[in-house]
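Written below as structure tokens is the structure these notes are about.
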Amino acid sequence: MAERSSTGLLTMMLEPTPALAMTLPAEVREKLAELELELSEGDITQKGYEKKRGKLLAPYIPQIQGVDPSLQIDNRIQASSQVALQGSKSNKSRAANTRDERFRSDLHTEAVQAALAKYKERKMPMPSKRRSVLVQSSVEACTPPDTSSASEDEGSLRRQGRLTTSTPYQGHSHPAVEHWFNRVIQGSSTSSSASSTSSHPGGRSVTTTNTTAHAALNVNAAATALADLMAHTQLDNHSAPPDVTGLSERSSHHAERPHVASVRGVSRGFNHHTSVMETADVQQPDPNQPKPEGQQMCPLEGEPLGVVTNWPPSLPAALQRWGTTQPKSPCLTALDNAGKPVYTLTYGKLWTRSQKLAYTLLNKLSSRNEPLLVPGDRVALVFPNNDPVMFMVAFYGCLLAELVPVPIEVPLTRKDAGSQQIGFLLGSCGVTLALTTDACQKGLPKAQTGEVATFKGWPRLLWFVTDGKHVVKPPKDWHPPIREASNDIAYIEYKTSKEGSTMGITVSHSAMLAHCHALTQACGYTEGETITNVLDFKREAGLWHGVLTSVMNRMHVISIPYSLMKVNPLSWIMKVHTYKARVAVVKSRDMHWSLLAQRDQRDISLSSLRMLIVADGANPWSISSCDAFLNVFQSRGLRPEVICPCASSSEAMTVAIRRPPEMGVPPPGKAVLSMGGLSHGVIRVDTEEKLSVLTVQDVGQVMPGALVCVVRAEGIPYLCQTDEVGEICVSSGSTGVAYYGLPGMTKNIFETVPVTPSGIPISGRPFTRTSLLGFVGPDSLVFVVGKMDGLMVVSGRRHNADDVVATALAVEPMKFVYRGRIAVFSVSVLHDERIVVVAEQRPDASEEDSFQWMSRVLQAIDSIHQVGVYCLALVPANTLPKAPLGGIHISETKQRFLEGALHPCNVLMCPHTCVTNLPKPRQKQPEVGPASMIVGNLVAGKRIAQACGRDLGQLEDNDQARKFLYIQDVLQWRAQATPDHPLFLVLNAKGTVSSSASCLQLHKRAERVAAALMGRLNTGDHVALVYPPGIDLIATFYGCLYAGCVPVTVRPPHPQNLATTLPTVKMIVEVSKSVCILTTQAITKLLKSKEAAAAVDIKSWPTVLDTDDLPRKKSPQMYKPPTPEMLAYLDFSVSTTGILAGVKMSHAATSALCRSIKLQCELYPSRQIAICLDPYCGLGFALWCLCSVYSGHQSILVPPLELESNASLWLAAVSQYKVRVTFCSYSVMEMCTKGLGSQTEALRLRNVNLSCVRTCMVVAEERPRIALTQSFSKIFKDLGLSPRAVSTTFGCRVNVAICLQPNRLGKLAEQGTAGPDPTTVFVDMRALRHDRVRLVERGSPHSLPLMESGKILPGVKVIIANTETKGPLGDSHLGEIWVSSPHNATGYYTVYGEEALHADHFNTKLSFGDTQTVWARTGYLGFLRRTELTDASGERHDALYVVGSLDETLELRGMRYHPIDIETSVIRSHKSIAECAVFTWTNLLVVVVELEGSEQEALDLVALVTNVVLEEHYLIVGVVVVVDPGVIPINSRGEKQRMHLRDGFLADQLDPIYVAYNM
């Protein structure tokens, strides 16, 4: 429990003025406490609370002129309290200074309201949970308008205020604390924290009263002012967020922003010039950071262990002594949940019951006639927290039987936080038996057999109930062996490390005894004392004081169960009063709770206490609980000097404890330390002018008989200097011995040898590391400032999780989040630790309030700790994993965060501020001039990257179709030569043939269409063909050619989605200047329907001809084009970047394309190929409409849409027709892998067999999708698909078929063996961003697999050119792929959008080298690589690798990123991300993810997406948009339409589940 001060109420009572605190009558304090409790429990509103509080306090507060008393009260109390600051308008943000009327908060409230109102007016791209700019303000980003004229007397007023607020300790502190604690700070009230200061133009820093509430107040003021400022300067451009690329030097619309004095503030992301991106990869340490200056410390020795006569030789001996000589003496009193004593265990009972258990365990449990247990075996103790009696009997029973008890928590469910780790511990300790109580055993989860279920990760255990009826009385002659304490293991205590792994710490008999001895001496325990124990009796201080040392000294323990504390936090104080207990062992949380529940404290006295041991006194924030507790209970007999904080750790046991007053020890000390100094590991006593201080109390003196030193926490254990913080190490006979079964870690922790700077060991004895960070102060007092577990090293500076928790709590804790339900930890992202804060949100907190609170927390942490928070998440109440006794299970929380299983309801990521170690952005280098580069066929020492397919001229084939210049002539020839030869079969969803066409049938249907067109249209008219995939489309295409018209194939609109699909149809019809639309009857109706009218202007359609029932008449004569260079058809397609481009295909190019494909795929009339592609553009159109007619092979056409109702349609057809060659698209392949992945067995039973397939080609205009093709091959291998059958193709707008057909290369081809695919290489992704290709080994970091795009077609030449200089590039250089071929398209018919930019795409020449050849630019980046493999002709084979489309690439930070690479990383980051697309929005990277899971997972994705993109791509994600599955638009080829998505995002049409703006 880390708190910066106790809750508001104490500080409130302590601080208005020191006098006031003392003068408040007890009944007023009680009423205030009740009010406070009501507020914290939500029984009263903030407003009601303030009103009542004001009334109560009004009589006691002197009036200040001119200010309404209720305001003063508010003001003063507000300064000290951390109760929510946002209750009423009047106290929204008040500075310390009451006199300043201008600083009344109405003005700020109005400013905030105005800023927010402006946001509401503007149409922002802010769907779902939306936020205001407030987030971007840094605490000191600007001067709050009202304090900029701080006059002298204001300053003096403040000083006066500071001097009068004295620390509660001062009443009883001792004047002489050594010089370097010189200023035990006056203004530090109990809320040992800091306020914020505002920087003034004069350079003077005005310090407000030193309390956190102020920090929050000022933060609020700054935030408001900044919001106001932002409202004026930024809003006009809000749709354009800042440029965070670090390259742009312009400061466009930020001109009016005043100079910002930002401490690494949240506004960083908005500051162009100080952009975080510019820092180098490696963080340079700050040369001005403070360094330790003291001398080397000397090891500190505790007083010698006193010699006690008749001290028992071991703990069992002590038990025997008291059990036989003082059997009636009470040992332990257990309480029920009402606080009533249920049972008192006497020493006699403990002795006899432990003996019975020991005897039973050794003699009555057997397996296969062997005793189950032998001395030295480990036994698990599983006892609930409210049953200390049974636990104590079991523990001592084990000691008497010489078994080793391993106490653990009761597992409540099969999935408890950390339970699996406990299982590992039990397994590694070889535990086979668990002892428990009857009630507990009944409550454990059971398997079907009725036995206790086996928990995840646990070994098989036998459960034994230790209640009376199961144990046997030993025979008279049996006595347990009572030996002297030896070095054998006595018990094993479990401990969970920072990472969540559980270790067992072994404690020997001698260490256990020595520790009891040391505690007895340090605490001055005497025989028969009464002690109340609130702690967990199974481990640490609860076990040491309440179970072990108590028995040593025959003390009486009153054990207060946690469940009782939850019901009645005062119970322990009542028991101290009732039993006149001399000692109480508590944690600061228990003190804090009891303060909240003061209402029933009328007649309680704590005067009997001589020691109040604060077990977590090592937590720096325990001081506030101690001070506050003392303030309230001093009037009830609590003496200040009995509060004894102690420091301990599981490994070293008790390290130091403040001695009770009667021991004549030096007075307690307090240090006010600079947090900045601490973050550099040095101790600087802070003068309280600074804003970030940590006030720590000492934890007393070293234990008797121990030697303590402080060593460097990391690396070699060098002794620290006196003013340096390090890890405290202890050498004594009373520490743990080892981690069970972990010799390596044991050596590091339990056998450390501290050395002097020159490397000489300081002592012959090994030391144990305590994991406590601290230093030794004056009077040999030990101070602890943090724990190794909570240490977060960010950019070389150390921060403590507890301190950050305290700061977060100091920002209005009671209103939005639960106190004590905050976890702070660090995660490693991009070579540094990043701080994550997770808190539980109260159910009634509104989005707006929580967000406001979050932004304030960020600002507070930033100003106090000078460190940025990477992620702040709020989760619903009660959802964080709990540790066994309340508190939060930090490692489990961290685990859930990293796995994306926290399910937050609010997230704020601030990567822009805290990621300062990104590599520098790349500056473009001037290119080398051409002259120095080219020599023959070499560029800069490398072979020029060019390659070509086989030469068409040399390929003699008996190709009849070559005689014809025009494809329509080929059809007529086939109709005469082989009229009945079947060309096409179209399959429907059932797999049956829905239509077919032979050569003659196709010719006849085409003639009919031509006859219908000839009367109506002129030659050269453009005709749009709007048909579903089928024979109609093919017939009308040839009909147009017969009639001399130019066909344009168009995908028909989707009847269920007219609004988005119809405008595309309309656009193509208009842009292609079609004078007529040919279509079916059904589509004709659709085009003119009422629904269509809603989407487009239906009156403006050109003539629509329904071709379903054309009259059977022949056209008078066929049209003969005068030259093959004439236009044959137009091919329209929408690119992935959203550009609609139509290309012109001449008759010559059409025939060349068909011939090239025929040669490459060896297509003949006897062949059958199966095509599952859309027939509207590119290679899909060519294969569907042209190739069969040219080559005469039969095409089995499978419309991809039919796969939606029958996923196995295509593969079943391939199997049924025994097809050797088949074509599909990535979307088809994806449908098969997702839809049929689990059904291969069913398909086999239906006799689907794919062993016939020689090649399955994926038609695409993108980088080959390796993961998809591999998983497809893997899944269908079971159906006989050869692993080398799947290959890819590559085409683009300028040439629809550049690569096709896999390369059957070298020996592999001849033997047909399924060797490793020769065509995959791994390149370094980081080099690619700089346009370089660096080949790396498979599996190396940042490696990206790239697959060759297929074999270059006959007649095609390819070269790689520099995108900027247009010069040729060398082998393995990344550049644009240029292509020269007879089947290149002849140009764009039109590019909808940017005509001028595309003029040179079809006829461009190299700037040097071969400057004659005319090339077409594909717009794709790629590289060529000469391989060792040879092709059939013995030539070495050049492989072409396509990396991605140039238009799609993202230019970020001077580097070139391919969206697919970022998307692949993102999809891998969480199982629920179904799909992802990225684009940029004014230099912010926007990541859209589709969530395939419950909506509560949406916010989990934000951090994971941000992490993975940072780690793998060194980019900061600006916006994360979580949407439903199916929102990312995908075209028919299965390519993501990122630009459509971007338009949808900007127009706020995505209906996202969540949008996170990473500030």
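Which FRET efficiency value, to the nearest 0.05, do you get for Leu365 and Glu484 by plugging their Cβ-Cβ distance into 1/(1 + (r/R0)^6) with R0 = 45 Å? It would help to have the intermediate numbers written out before the result.
Details: r = 28 Å, r/R0 = 0.61.
Taking R0 as 45 Å, the efficiency between Leu365 and Glu484 is 0.95.
At a Förster radius of 22 Å, what calculated FRET efficiency corresponds to the Cβ-Cβ distance of Val374 and Asp467, to the nearest 0.05?
Values: r = 24 Å, r/R0 = 1.10.
It comes out at approximately 0.35.
Quick check for you: which residues of the stretch 989-1010 have the amide N under 19 Å from the point 7 Å beyond the Cα of Lys1113 toward its beta carbon?
Zone members listed by number: 1004-1010.
Quick one: which residues, 5+ away or cross-chain, put their amide H under 5 Å from the amide H of Glu724? H built at 1.01 Å from N.
Here the answer is Ile683, since their amide H atoms fall under 5 Å of that of Glu724.
Taking 0.36 nm per intervening residue step and subtracting the Cα-Cα distance, what contour gain separates Asp477 from Ser607 on full extension? Please list the in-between numbers first.
Details: separation 130, 0.36 × 130 = 46.80 nm, distance 4.89 nm.
Full extension from Asp477 to Ser607 adds 41.9 nm.
How much length is gained if the chain between Thr324 and Ala439 is pulled fully straight, taking 0.36 nm per residue apart and subtracting their Cα-Cα distance, in nm to one decimal? It would help to have the intermediate numbers written out before the result.
Values: separation 115, 0.36 × 115 = 41.40 nm, distance 3.01 nm.
Value of the extension gain: 38.4 nm.
Where the centre of each part is set by its Cα atoms, how far does the stretch 357-389 sit from the stretch 507-542, in angstrom?
When both Cα centres are located, 24 Å separates them.
At 7 Å along the Cα-to-beta-carbon direction for both Ser497 and Thr1061, put a label point, then send me their distance in nm to one decimal.
5.8
With a point put 7 Å past each Cα toward its Cβ, work out how far Asn878 is from Val342 in nm, to one decimal.
My value for the distance between the label points is 2.3 nm.
If the cut-off is a Cα-Cα distance under 17 Å, which lysines reach Lys52, setting aside same-chain residues fewer than 8 apart in sequence?
Lys31, Lys89
Across the stretch 359-370, in residue order, what do the Karplus-derived ³J(HN,Hα) couplings come to in whole Hz, using 6.51 cos²θ - 1.76 cosθ + 1.60 with θ = phi - 60° and x for Gly and Pro?
4, 4, 4, 7, 10, 9, 10, 9, 10, 6, 6, 9
Using the beta-carbon distance between Glu641 and Gln289 and R0 = 60 Å, what value does 1/(1 + (r/R0)^6) give for FRET efficiency, to the nearest 0.05? Can you show the working numbers first?
Values: r = 39 Å, r/R0 = 0.65.
Approximately 0.95, to the nearest 0.05.
Please give the Cα centre distance for the stretch 696-743 versus the stretch 1218-1275, rounded to the nearest Å.
About 64 Å separates the Cα centre of the stretch 696-743 from the one of the stretch 1218-1275.
For the stretch 1327-1332, just list the computed ³J(HN,Hα) in residue order, Karplus coefficients 6.51, -1.76 and 1.60, θ = phi - 60°, integers in Hz, with x standing in for Gly and Pro.
Per residue, the Karplus-derived 3J(HN,Hα) values read 5, 4, 5, 9, 6, 10 Hz.
So between Leu1268 and Val410, what do we pick up on full extension, going 0.36 nm a residue minus the alpha carbon distance?
Working: separation 858, 0.36 × 858 = 308.88 nm, distance 4.68 nm.
Taking Leu1268 through Val410 to full extension adds about 304.2 nm, to one decimal.
What is the distance, in nm, between label points placed 7 Å from the Cα along the Cα-to-Cβ direction at Arg962 and at Lys1004?
3.4
Just so you know, all these numbers are worked out from the coordinates, no wet-lab data involved. Note that the coordinates shown come from a computational prediction; the quantities given were computed from them, not determined experimentally. Here the Cβ is made from the backbone with ideal geometry for all residues, glycine too, and neighbour counts use every protein chain on show.
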